[in-house]
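The values are calculated or read from the model by the stated rules, or taken from the named source; none is laboratory data. Because the structure is predicted, anything quoted here is derived from the model rather than measured. Every residue, glycine as well, gets a Cβ built from its backbone with ideal geometry; the counts of neighbours run over all protein chains shown. Ligands, DNA and RNA are excluded from the accessible area calculation, which covers all protein heavy atoms including side chains. Shrake-Rupley method; radii C 1.70, N 1.55, O 1.52, S 1.80 Å.
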Amino acid sequence: MPETYKKKNAVSDTEKDFILKGVLAVIKKVVSAQQYDIWFSCLKIFSISNNSIIFVAPNSFIREWLHNHYNDLFSSTVYKILNSSREVIFYTEDEISGPSSAIPLIKKNNKVLSFKDENYTVPINKYYSFENFVVGPCNRLAHAAAVAVSESPGNAYNPLFIYGAPGLGKTHLLHAINNVLMAKHKMKAMYLSCERFVNHYISTIRSNSWDSFRELYRNVDALLIDDIQLFENSQESREEFFHTFNTLYNAKKQIVITSDCPPQSIVSLEERLISRFKWGLLCGIDNTTIETRIAIAEKKALLWGINLSHEAASCLAENISSNIRELEGAIARLSSEEKITKNNITIDLIKKIVRELSGNRKHINIEDVIEAVSKRFNISVSQLQSKSKTRSLTLPRQIAMHISRKLTNMSLMEIGGYIGGRDHSTVIYADEKISKMSMKDKNLHLILQKLESELLK
Ligand code: ADP
Ligand code: MG
């Protein structure tokens, strides 16, 4: 039977504070100052019951890391402080914050917890800061715009719309803006995912509590909304967002939006919302260059407290090219390997981890890519693989190269070899060209999306 968490049984905030201080003081003694600063300093306690203690991490990345690496440390520390054992549970701020009706229930180990939360802002998350963001040609504009907005909210660019493929730092920039607005300007900034807005909208339909819904979103100083492409299937909540947008915009409140594609490529987004988004600044984040990835790998290694030579960082950056989240996953793996084996990080170890990470992806053959693209463009496989420079063949060929680079484990040379006997620089050129084109061209964006999802099915 689900057990409902009753607020009256909750430990008071002062007691939680006291217990948190005790737990953190013990942990501080066993981890490095830098590790402490990044992973532990922004933790909060959400609740303490007879059976469990729920900690709140600022984001899912930190939550996962704490859960995977420090669960035992937390359990033993909690035991020391409370003199009895508790199950240690980690949630993210995003999972528990926000209007209570947005997330009425959280399930964990067959227990159902319901709660009311007073605070809807995300705490300062030191990890997603401007200092920790590596700037390169691919994200220079988005970074500069984000800094400008955080320095001069409501004035610099309003709205600011940042778009780019997954894992390229959009959420990171949004949090960084949020952090500055809250810390420096003491503003009531609200970061939320589009999904959360939609969920809250749906639960408000049920509860009919429109006044509090509107009051919540329309009284903020800044609204930072992540992954707006998820509005695609929710016409009514888009309508509501349109009114929220207008109210905030007219009151000169800062609005920042992210999406995995430009507004005009979001299928079913109304023209009036698209044109609103274009009132401010639209900026894209491109795929990272190898130099930026090396710099990111070095920065992340520093944050994770591991020793990574330049050669090792280059090896990682060469092998993980599309998604910084994966690069970060590899660094997390290296960090735990280093701690467990106490050995230095070698190139062989990096290659092993990269192999394992790519093994987790579905294995896609280049032949399948070639076949799917040929079919889509109504050409034969041999035409696609030919050297002919007719435009009706070069575009599908470049698309095949782009998708192969993204979904297969093949090297540039191998891809070039399969598709028309081209060299590696032709593949890089094709890959970058198609990435850039798909940012601007809605049709191409849709074609790529469809092809990729068919192949991954
Ligand atoms: P997105 O929201 O675009 O999918 P995220 O902001 O979640 O991507 O980024 C994924 C991970 O990669 C995060 O941990 C983030 O810190 C990291 N990351 C992405 N770009 C950069 C960058 N330029 N510098 C440092 N870290 C980055
Ligand atoms: Mg994101």
If you take the residues in the range 142-157 that are touching a residue at least 12 places away in the same chain (Cβ under 8 Å) and not in a loop (DSSP other than H, G, I, E, B), which one is surrounded by the fewest Cβ atoms within 10 Å (Cβ to Cβ)? 151
The condition of being over 21 Å from the mean Cα position of the chain (by Cα) and open to solvent by less than 60 Å² (accessible area, probe 1.4 Å) holds, among 269, 223, only for 269
Search the range 178-202 for residues being part of a helix (DSSP H, G or I) and of a type in the set (Phe, Trp, Tyr), and hand back the single one that is most open to solvent (accessible area, probe 1.4 Å). 201
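Given 299, 351, 375, which one is away from ligand 1 (no atom under 16 Å from the Cβ), open to solvent by 20 Å² or more (accessible area, probe 1.4 Å) and more than 29 Å from residue 440 (Cβ to Cβ)? Walk me through how you get there before you give the answer.
On the way: 299 fails: away from ligand 1 (no atom under 16 Å from the Cβ); 375 fails: more than 29 Å from residue 440 (Cβ to Cβ).
After applying the criteria, what remains is 351.
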Might you check whether a residue that is touching an Asp or Glu at 6+ places or on another chain (Cβ under 9 Å), open to solvent by 30 Å² or more (accessible area, probe 1.4 Å), within 25 Å of residue 411 (Cα to Cα) and at pLDDT below 90 occurs anywhere in the range 325-333? yes
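Would you confirm, using the coordinates I've provided, whether residue 243 is part of a helix (DSSP H, G or I), within 15 Å of ligand 2 (Cβ to nearest atom) and out of contact with any His (no Cβ under 7 Å at 6 or more places or on another chain)?
Values: part of a helix (DSSP H, G or I): yes; within 15 Å of ligand 2 (Cβ to nearest atom): no; out of contact with any His (no Cβ under 7 Å at 6 or more places or on another chain): yes.
No.
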Taking the conditions exactly as written (within 16 Å of ligand 1 (Cβ to nearest atom) and over 27 Å from residue 149 (Cα atoms)), does residue 331 satisfy them or not? yes
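Applying the selection to the range 394-406, what residues are surrounded by fewer than 23 Cβ atoms within 10 Å (Cβ to Cβ) and either closer than 15 Å to residue 381 by Cα or at pLDDT 85 or above (or both)?
From the range 394-406, those surrounded by fewer than 23 Cβ atoms within 10 Å (Cβ to Cβ) are 394-396, 398, 406; that's our starting set.
Those that are surrounded by fewer than 23 Cβ atoms within 10 Å (Cβ to Cβ) and either closer than 15 Å to residue 381 by Cα or at pLDDT 85 or above (or both): 394, 395, 396, 398.
With 230, 223 as the choices, which residue is without any contact (Cβ under 8 Å) to a residue 40 or more places away in the chain, among the aliphatic types (A, V, I, L, M) and assigned to a strand (DSSP E or B)?
Working: 230 fails: assigned to a strand (DSSP E or B).
Of 230, 223, the one residue that is without any contact (Cβ under 8 Å) to a residue 40 or more places away in the chain, among the aliphatic types (A, V, I, L, M) and assigned to a strand (DSSP E or B) is 223.
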Scanning the range 174-211 for residues that are within 23 Å of residue 285 (Cβ to Cβ), in contact (Cβ under 8 Å) with a residue 60 or more places away in the chain and either within 16 Å of ligand 1 (Cβ to nearest atom) or not hydrophobic (A, V, I, L, M, F, W, C) (or both) gives 174, 175, 177, 191, 192, 193, 196
If the Cβ limit is 9 Å and pairs must be 6+ apart or interchain, which residue in the range 1-28 that is within 21 Å of residue 41 (Cα to Cα) pairs with which residue that is modelled with pLDDT of 75 or more and open to solvent by 80 Å² or more (accessible area, probe 1.4 Å)? 22/80; 23/80; 26/80
Filtering helices (runs of 4 or more DSSP H) wholly in the range 266-359 for at least 2 residues that are without any contact (Cβ under 8 Å) to a residue 12 or more places away in the chain gives 271-277, 324-341
The condition of being part of a helix (DSSP H, G or I) and closer than 19 Å to residue 367 by Cα holds, among 446, 393, only for 393
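Name the residues in the range 356-367 that are surrounded by fewer than 16 Cβ atoms within 10 Å (Cβ to Cβ) and at pLDDT 80 or above, would you? Show your work before the answer.
First, pick out the residues of the range 356-367 that are surrounded by fewer than 16 Cβ atoms within 10 Å (Cβ to Cβ): 356, 358-363, 365, 367.
Passing the criteria: 365, 367.
If you check 214, 196, 206, which single one turns out to be closer than 27 Å to residue 168 by Cβ and either in the same structural domain as residue 153 (by TED's automatic domain parsing) or away from ligand 2 (no atom under 16 Å from the Cβ) (or both)?
Numbers: 214 fails: closer than 27 Å to residue 168 by Cβ; 206 fails: closer than 27 Å to residue 168 by Cβ.
Criteria check complete, one pass: 196.
For the range 12-99, which fully contained helices (runs of 4 or more DSSP H) count at least 1 residues that are at pLDDT 80 or above, within 16 Å of ligand 2 (Cβ to nearest atom) and among the charged types (D, E, K, R)?
Where helices (runs of 4 or more DSSP H) fall fully within the range 12-99 and carry at least 1 residues being at pLDDT 80 or above, within 16 Å of ligand 2 (Cβ to nearest atom) and among the charged types (D, E, K, R), they are 60-82.
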Residue 170 being within 11 Å of ligand 1 (Cβ to nearest atom) and of a type in the set (D, E, K, R): yes
Among the residues of the range 163-174, what is the count of those that are open to solvent by 10 Å² or more (accessible area, probe 1.4 Å) and either closer than 13 Å to residue 225 by Cα or more than 16 Å from ligand 2 (Cβ to nearest atom) (or both)? 4
Any chance you could count how many residues in the range 69-94 are open to solvent by 50 Å² or more (accessible area, probe 1.4 Å) and without any contact (Cβ under 8 Å) to a residue 24 or more places away in the chain? 5
Report yes if residue 160 is away from ligand 2 (no atom under 13 Å from the Cβ), at pLDDT 90 or above, aliphatic (A, V, I, L, M) and open to solvent by less than 10 Å² (accessible area, probe 1.4 Å), otherwise no. yes
